1. For the chain, what is the calculated [θ] at 222 nm in deg cm²/dmol (nearest 500), taking -39500 (n - 2.57) for each run of four or more DSSP H residues and dividing by its residue count?
2. Could you please report the charge total around Gly155, scoring K, R as +1 and D, E as -1 over all other residues with beta-carbon less than 13 angstrom from its beta-carbon?
3. Could you work out the relative contact order of the chain, using alpha carbon pairs under 8 angstrom and six or more residues apart, expressed as a whole percent?
4. I'd like the Kirkwood hydrodynamic radius of region 1-110, using the inverse of the mean 1/r over distinct C-alpha pairs, in Å.
5. Angle, helix 7-23 long axis vs. longest principal axis of the chain, Cα atoms, 0 to 90°, nearest 10?
6. Modelled label-to-label distance, Ala88 and Asp126, 7 Å Cα→beta-carbon offset: nm?
7. Where in region 1-43 does the label zone of Asp223 land, with the point 7 angstrom along Cα→C-beta and an amide N cut-off under 14 Å?
8. Please say if region 54-141 is rounded, prolate or oblate, where rounded means a/c under 1.5 for a ≥ b ≥ c the square roots of the C-alpha gyration tensor eigenvalues, and otherwise the choice is prolate for a/b larger than b/c and oblate otherwise?
Amino acid sequence: MTNNINMNEVIEKVAATLVTAGSTFREDQKEAYRRVIASEKMESSCWVMQQVLENAEVAEKSRGPLCDDTGIPHVFIEVGPNRALTGALMQSIKAGIREGLRRLPGRPMAVMGDDYARIDQSRGLDPDSGALLPSPFLVKEVDEDILRVTILMLGGGPAIRGITQRVFHRHDVSIVIDEIVKRAVEGVKNLGCSPCTLAVGIGRSQFEATSLMMEAMAKGNYDVQSEFEQEITQKVNEANVGPLGLGGKTSVLATFAKIGPQRASGVRIVALRPCCCFEPRRASVEID
């Protein structure tokens with residue numbers, strides 16, 4: 001039970017999980033790259049993807065960052081019916097994140113100062129990697145009797161190219177898919193760090209859609225793709241953007257989509273993030 005949790009162990013587990021998230025491809029992610037490398041006919045595009053996979057293998061061995069943009073920590077917590085997420089536990093998770101950022105090491109990205117100074121960056125950056133605050137935690141109740149913490153390290157390029165916007169569905173799923181594809185193709189072209197993994201959330205509000213998009217990144221699997229996800233991936237790949245925009249049939253490795261409850265309305269709120277070639281950088285740990 002949560003009351004018996006050793007908070008020092010929590011800090012250590014979370015710190016190690018953050019380092020894993022920032023330095024390691026999961027096996028399904030590696031296998032996705034192996035598949036597209038084997039099937040890509042364009043030599044230059046194939047070479048790019050080989051370099052991405054090789055970089056990931058080196059980062060895993062050295063426990064160093066996958067990318068110079070080491071990312072902002074985003075935390076997704078799953079809480080079972082017999083578990084409790086206390087304030088003390090949340091503080092320990094934050095302490096583990098600070099320690100993990102120092103170990104990785106994370107790039108110093110904490111902007112110092114008051115509201116104005118943080119916007120215009122006039123007071124510079126804190127040199128301590130651990131000073132970088134995580135995004136507000138996203139917590140979800142689950143039926144499984146666990147307390148699981150997933151850390152995602154999310155970079156700036158995909159955030160710049162991401163979008164949350166309304167789509168008039170006109171009672172036709174294909175209209176929603178085509179609008180997602182249109183925006184995704186533009187995002188992939190402008191991002192550059194491709195092949196991408198598309199993260200999609202569809203909800204009743206901007207907050208809900210973005211939360212669903214984050215859950216899609218936290219739970220998505222390259223080996224398990226729904227018909228909805230496959231159709232988006234296929235259509236974006238038909239745009240022939242390719243890795244680094246060099247062309248070829250692999251602009252997108254996969255789509256991770258989460259569709260939540262919907263409002264009785266003509267509008268669907270869609271959040272879309274074209275994750276870069278290293279994302280979603282994520283790892284999970286269960287707190288006993």
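The values are calculated or read from the model by the stated rules, or taken from the named source; none is laboratory data. Keep in mind that this is a model prediction, so the values were computed, not measured. We place every Cβ from the backbone using ideal geometry, glycine too, and count neighbours over all the protein chains shown. To get the accessible areas, we keep the full protein, side chains included, count just its heavy atoms, and leave off ligands, DNA and RNA. Shrake-Rupley method; radii C 1.70, N 1.55, O 1.52, S 1.80 Å.
1. Result for the chain, helices only: -13500 deg cm²/dmol.
2. On the way: positive: Arg107, Arg161, Arg273, Arg281, Arg282; negative: Asp68, Asp69, Glu279.
Residues near Gly155 contribute +2 overall.
3. Numbers: 611 pairs, mean separation 75.1, N = 288.
This gives 26 percent for the chain.
4. Details: mean 1/r = 0.0625 Å⁻¹.
By the Kirkwood definition, the hydrodynamic radius is 16.0 Å.
5. With rounding to tens, the tilt is 30 degrees.
6. 2.5 nm
7. Hits in region 1-43 for Asp223 at 14 Å: 26-35.
8. Numbers: a/c = 2.32, a/b = 1.16, b/c = 2.00.
Oblate is the answer for region 54-141, as a/c is 1.5 or above yet b/c matches or exceeds a/b.
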